[in-house]
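For reference, the structure discussed in these notes is given below.
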Amino acid sequence: MASISHAITATTNPYLNLPHPAQTRSSILRLSHSNSRRVIKNVGVFAEHSNSTSTSAIDFNDPDWKIKFQQDFESRFRLPHITDIFPDSPPIPSTFCLKMRTPIGKNIPGHYSLDEEWHGYINNNDRVLLKTINYSSPKSAGAECIDPNCTWVEQWVHRAGPREKIYYKPEEVKAAIVTCGGLCPGLNDVIRQIVITLEIYGVKKIVGIPFGYRGFSDKELTEVPLSRKVVQNIHLSGGSLLGVSRGGPGVNDIVDTLEERGINMLFVLGGNGTHAGANAIHSECCKRLLKVSVIGVPKTIDNDILLMDKTFGFDTAVEEAQRAINSAYIEAHSAYHGIGVVKLMGRSSGFIAMQASLSSGQVDVCLIPEVPFNLHGPHGVLRHLQYLLEMKGSAVVCVAEGAGQNLLQNTNAKDASGNIVFGDIGVYIQQETKKYFKEIGVHADVKYIDPTYMIRACRANASDGILCTVLGQNAVHGAFAGYSGISVGLCNTHYAYFPIPEVISHPRLVDPNSRMWHRCLTSTGQPDFI
Ligand SMILES: Nc1ncnc2c1ncn2[C@@H]1O[C@H](COP(=O)(O)OP(=O)(O)OP(=O)(O)O)[C@@H](O)[C@H]1O
Ligand SMILES: O=P(O)(O)OC[C@H]1O[C@](O)(CO)[C@@H](O)[C@@H]1O
Ligand SMILES: [Mg+2]
């Protein structure tokens, strides 16, 4: 019961309402720029999954602090399970067995075969190590330390995969899939794998909810029946078979609909906002004593979900982004005093801009939300562009959409989900660059490329295709294992389940003190712009 109430409490402070982690971390943190709300030097940073409860509670003078930390960690990462509210729910042998003697669809309800020799199941006590570097000093690049001495503390999370015992009879399952937020390469791949895996378990009733959470309330939007046949080739195109949306109904309305339609497994594909919604749905189902498993699959092209190596669609985005950078480079390089500006997605986090800059090797200036910069002034970007034109005749700037928002006028606008609508930093840089060179009487040919929606609409590349496959399958295994209010992700090359509040307490950010950002700076050769 404890973990369910923990999850319910956490639901009330989802992503949007939580204070930024920098405000909640202990005094071993320091801000590296006084005007930055985000840039945190990792001098003894309490690991990125920390939240207000645990950081403020640690007394490092207590000789048992490490044990207490680990106990607290274990309880925070305990996965909510349907037996928390239905203790008498009987487990049954899994119907997921790859040694099938009958074709899929011919399972006899109530008849479950158990192959004693097959060792393909995950033990509930299997764990994955969350942090793999033992930092010897808080001054090590990217150090994430719990205490000022950087004491090594093992932190284990739950291994994802099929369990030997399951908590749903496939013939009693009605599973629904919904895709919310913005598009992301790989959505169709995940939908496809969820459907295929559900069928392998023996589920017959599988539906898609059209256009995100909106599909739960809009009477004109009807469920889409899904089967292996329907989804067979959907991964060959980008977008989402089911459509996406922002905004939509409240949690109570969604759970009313789940009850009315008899949906007892819900697979939710989306980012931070969607996951906050999924956790709220899970909590409301617990409150109403409904036996429903709500499983999230993190979808964010921005790669801004905590604790995961990467989210699906990110690799594809980087690959596509570097094509745009290459075009900007060719334009800039072919023009007299050419400057190419490319804007990439990244509302809070500059992962796409950083990785695409690194992979292309053609970027001179990479600007991300986590690192403040000035455009004007002796150390500003424009002065550096002037230097680049003098030295090599052309320059390429790659900027993430959330970068430099302090330089723009606040739009005060919000989208249907409550996300702030940003001003266009790409257009601003283009205009200011043109103005600057005109004023100093130096010719500059500025070309601006905004490939953002082209990148998002792509189909997943091979590595994302594989990631989506594993995530989709593991989402179904998690539901049959009886978990709810969880999300699935890649953790140090293994797959793990996380309680939703732990992955959305704040957006994952590029650490300006990390080796990766330093590598990016080495590659571009750019100075500090402050
Ligand atoms: N705090 C919240 N609680 C409940 N539901 C939420 C919350 N925040 C957002 N949602 C709902 O989740 C859905 C998607 O949210 P949002 O538009 O923020 O996209 P996202 O999941 O963060 O994905 P993206 O990475 O594309 O922004 C919307 O339907 C929105 O109403
Ligand atoms: O224009 P839309 O659909 O609101 O999406 C834009 C947002 O989507 C994201 O890619 C996240 O999915 C952000 O980087 C961006 O701000
Ligand atoms: Mg979001």
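The values are calculated or read from the model by the stated rules, or taken from the named source; none is laboratory data. Everything quoted here is computed from the prediction, not taken from an experiment. FYI the Cβ positions are ideal-geometry reconstructions off the backbone, even for glycines, and counts take in every protein chain you see. Calculation scope for accessible area: heavy atoms of the full protein, side chains included, ligands and nucleic acids excluded. Shrake-Rupley method; radii C 1.70, N 1.55, O 1.52, S 1.80 Å.
Here is the list for segment 234-343: chymotrypsin sites (Phe, Trp or Tyr not before Pro) lying in DSSP coil, each with at most 11 other C-beta atoms within 10 angstrom of its C-beta, are TYR336. Centroid-to-centroid, using Cα positions, segment 416-490 and segment 151-179 are 28 Å apart.
Surface listing: HIS158, HIS275, HIS518 arranged by accessible area from highest to lowest gives HIS518, HIS158, HIS275, probe 1.4 Å. If you plug the beta carbon distance of ARG323 and LEU407 into 1/(1 + (r/R0)^6) with R0 = 30 Å, you get a FRET efficiency near 0.60. The antiparallel fraction among DSSP beta bridges confined to the chain stands at about 35%.
Extension gain for ARG261-LEU98 works out to 55.6 nm (0.36 nm per residue, less the C-alpha to C-alpha distance). Computed across the chain, the Kirkwood hydrodynamic radius from all distinct Cα-Cα pairs reaches 24.4 Å. Placing dummy labels 7 Å off each Cα toward the beta-carbon, the span from ALA416 to ASP218 is 0.6 nm.
DSSP beta bridges fully contained in segment 167-282 are about 15 percent antiparallel. Label zone of TYR453 (point 7 Å out along Cα→Cβ, amide N under 20 Å): in segment 198-218 this covers 211-212. Within the chain, the whole DSSP H helices whose Cα atoms reach 18 Å or more along their own axis and whose mean Kyte-Doolittle score is at least -1.0 are 187-201, 272-287, 314-334, 425-439, 462-480. Where only DSSP H runs of four or more residues are counted, the chain gives -10000 deg cm²/dmol as its mean residue ellipticity at 222 nm, each run worth -39500 (n - 2.57).
The label-point distance for ARG78 and GLN232, in a model that sets each label 7 Å from Cα toward Cβ, rounds to 4.7 nm.
Qualifying trypsin sites (Lys or Arg not before Pro) in segment 206-245, where qualification requires a DSSP coil assignment and no more than 13 other C-beta atoms within 10 Å, comprise LYS219. Ranked by the mean number of other Cβ atoms within 10 Å per residue, highest first, peptides 159-172, 410-423, 503-516 order as 503-516, 159-172, 410-423.
Given a Förster distance of 30 angstrom, what is the FRET efficiency for VAL427 paired with MET516, based on the Cβ-Cβ distance and rounded to 0.05?
0.60
In terms of the mean number of neighbouring beta-carbon atoms within 10 Å, the peptides 181-192, 278-289 order highest first as 181-192, 278-289. Solvent-accessible area per residue in segment 274-316 equals 19 Å², computed with a 1.4 angstrom probe and all protein chains kept. With a Förster radius of 41 Å applied to the C-beta separation of ASN149 and LYS287, the computed FRET efficiency comes to 0.45. Relative to the current alpha-carbon distance between GLU439 and ASP59, full extension at 0.36 nm per residue lengthens the span by 131.0 nm.
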